[in-house]
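Structure first, commentary second.
The values are calculated or read from the model by the stated rules, or taken from the named source; none is laboratory data. Just so you know, these numbers come straight off a predicted model, no measurement behind them. Methodologically, a virtual Cβ is constructed for each residue, glycine included, from the backbone with ideal geometry; neighbour enumeration extends over all protein chains shown. When the accessible area is computed, the model is the full protein with side chains, heavy atoms only, and any ligands, DNA or RNA have been set aside. Shrake-Rupley method; radii C 1.70, N 1.55, O 1.52, S 1.80 Å.
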Amino acid sequence: MKIGVPKEIKLQEHRIGLTPDSVKTLISEGHEVLVENNGGFEAGFENEQYTSVGAKIIDKAEDIFNDTDIIVKVKEPQSGEVKMIRENQIVYTYLHLAAAKELTEGLIKSKGVCIAYETVTDDNGRLPLLAPMSAVAGRMSVQAGAHCLEKNQNGRGLLLGGAPGVEGGTVVILGGGVVGENAAVIATGMRAKVHIVDKSEARLKQLVEMFGDKIIPEQSDKIDLNKLVAEADLLIGGVLIPGAEAPKLVTKPMLKLMKRGSVIVDVAIDQGGCVETSKPTTHGDPTYIVDDVVHYCVANMPGGVPRTSTIALNNATLPHLVKLANKGYEKALSEDKHLLAGLNVHKGMVTYKAVADVFGHEFVAPEKAITS
């Protein structure tokens, strides 16, 4: 198969869909790989590294879309890219459609085969292609939040880790999944006081086994969230409902309870955010203030560390891509229910229920779609 890797064009996105090592693997399987000129440059991958393993460098994204069977990206196709997707072309990338009506409609119209990294599952019901970026975003969330707490960033003027004789700050993490766990790794390492809120008692027990008394577990149905929000110097939003819009756990009135200059980092912003006052921002202009609370809502946080992120992402996405290329998508999807769960849009049909429900489209079961 011909596999195309266009340069990411979303604002401040520096990752790339495939590393040179991944290209080498695909070419060893007999496939052809086209990479856009300097597509990997910002992530530290030179054209020569791609050509040395057999890739072809192409100057224009249009030529890649026109001449390949599979498009491999990182972020959702931008409006200009959506127009280039051909009928039956496979698009393999993050999509986050539940918070993107215009993109959803565009992909339906394209009649492409759109597989979303973030809804591919595994035997344990987890999201293995989302996990590496959630881990990166979770770790970055505390790093970014600690920076935003500095006075010249309009924060409280508080050092999250404290100082000799001075207590550190309080971090409240909403969601004990991959984002929450990785946020806790950094926050506890900084010696902050760390609360983790989750609805699952079993998950909280796991986290206590990992972190011991470095965290304070909080079961969501047994706490006063208002009180916890009021204590937070840094609030991390890491709640995810697979493929669906994030629930709004922190409402606008709750911001009045927060300390002046406290910080919210809403990692769930890709799925609409779990804070009512959240709106997407970029690495170039990452924060804004509502009711004296600093909001950091960068929608592609891992794009700020593109080399680490690209390698981590490829470790997870490549095995499925090899299956898609070797077997063709119908056979690959029909043989692997977990990869099938990634199919969100198929030749004009919406094949992921949460996306169909939020926009009022008819839901077509993915197994039915690929055999119809």
Review point. Hey, what D do you get for the stretch 26-151 in µm²/s if you plug the Kirkwood alpha-carbon radius into Stokes-Einstein at 37 °C and 0.692 mPa s?
Key: 195 µm²/s
**Study point:** Per-residue ³J(HN,Hα) for the stretch 141-151, Karplus 6.51 cos²θ - 1.76 cosθ + 1.60, θ = phi - 60°, Hz, x for Gly and Pro
**Key:** 4, 6, 4, 5, x, 4, 5, 5, 6, 5, 4
Check your understanding: Assigning unit charges at the beta carbon (Lys, Arg +1; Asp, Glu -1) and nothing else, what dipole magnitude in debye, to the nearest 20, does the chain show about its Cα centre?
Key -> 420 debye
Point to revise | Dipole axis of the stretch 214-285 (+1 Lys, Arg; -1 Asp, Glu on Cβ), positive-most option in GLY243, VAL265, ALA230 | key: ALA230
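Cross-link list LYS60/LYS323; LYS248/LYS327; LYS7/LYS111; LYS75/LYS259; LYS214/LYS353: which exceed 29 angstrom alpha carbon to alpha carbon? Don't skip to the end; give the middle numbers.
Details: LYS60/LYS323 27 Å; LYS248/LYS327 41 Å; LYS7/LYS111 22 Å; LYS75/LYS259 35 Å; LYS214/LYS353 39 Å.
From the list (LYS60/LYS323; LYS248/LYS327; LYS7/LYS111; LYS75/LYS259; LYS214/LYS353), the Cα-Cα distance tops 29 Å for LYS248/LYS327; LYS75/LYS259; LYS214/LYS353.
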Exercise for review: Amide H neighbours of TYR288 under 5 Å, at least 5 residues apart or on other chains, H built in the peptide plane: list them.
Suggested key: HIS295
Exercise for review: Work from the charge dipole of the stretch 98-162 (Cβ charges, +1 for Lys and Arg, -1 for Asp and Glu, about the Cα centre) and give the residue of LEU158, ILE115, ALA100 farthest towards its positive end.
Suggested key: LEU158
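If I stretch the segment between GLU209 and ASP122 completely, what's the gain in nm (0.36 nm per residue apart, minus their alpha carbon distance), one decimal? Walk me through the numbers before you get to the answer.
Numbers: separation 87, 0.36 × 87 = 31.32 nm, distance 2.34 nm.
Answer, rounded to one decimal: 29.0 nm.
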**Study point:** 3J(HN,Hα) from dihedral phi, the stretch 223-229, Karplus parametrisation 6.51/-1.76/1.60, rounded to Hz, x for glycine, proline
**Key:** 10, 9, 4, 4, 5, 5, 4
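Using the beta-carbon distance between ASN88 and ASP285 and R0 = 45 Å, what value does 1/(1 + (r/R0)^6) give for FRET efficiency, to the nearest 0.05? Before the final figure, lay out each step's value.
On the way: r = 39 Å, r/R0 = 0.86.
That pair, ASN88 with ASP285, gives E of 0.70.
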Study note, to complete from the structure: Taking PHE65, PHE359 and ranking on accessible area (1.4 Å, protein atoms only), highest first, one gets PHE359, PHE65
Review point. Which ³J(HN,Hα) values, rounded to whole Hz and listed in residue order, are derived for the stretch 6-12 from phi using the Karplus coefficients 6.51, -1.76 and 1.60 in 6.51 cos²θ - 1.76 cosθ + 1.60 with θ = phi - 60°, glycine and proline given as x?
Key: x, 5, 5, 10, 5, 3, 6
Point to revise | Dmax and Rg, reported as Rg then Dmax, of the stretch 136-210 (C-alpha, Å) | key: 12.8, 41
Study note, to complete from the structure: Dipole check, the stretch 6-126, charges on Cβ (K,R +1; D,E -1), about Cα centroid: among THR25, VAL82, SER52 the Cα furthest to the positive pole belongs to VAL82
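Tally Lys/Arg at +1 and Asp/Glu at -1 over every other residue whose Cβ is under 9 Å from the Cβ of GLY272; what's the total? Write down the numbers at each step before the final one.
Numbers: positive: LYS248; negative: GLU245, ASP270.
So the surrounding residues net to -1.
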**Study point:** Charge sum, other residues only, whose C-beta stays under 12 Å from LYS56's C-beta, Lys/Arg counted +1 and Asp/Glu -1
**Key:** -4
Review point. Amide H of LYS7: which non-local residues (sequence gap of 5 or more, or other chain) have their own amide H closer than 5 Å, using H built in the peptide plane?
Key: GLU36
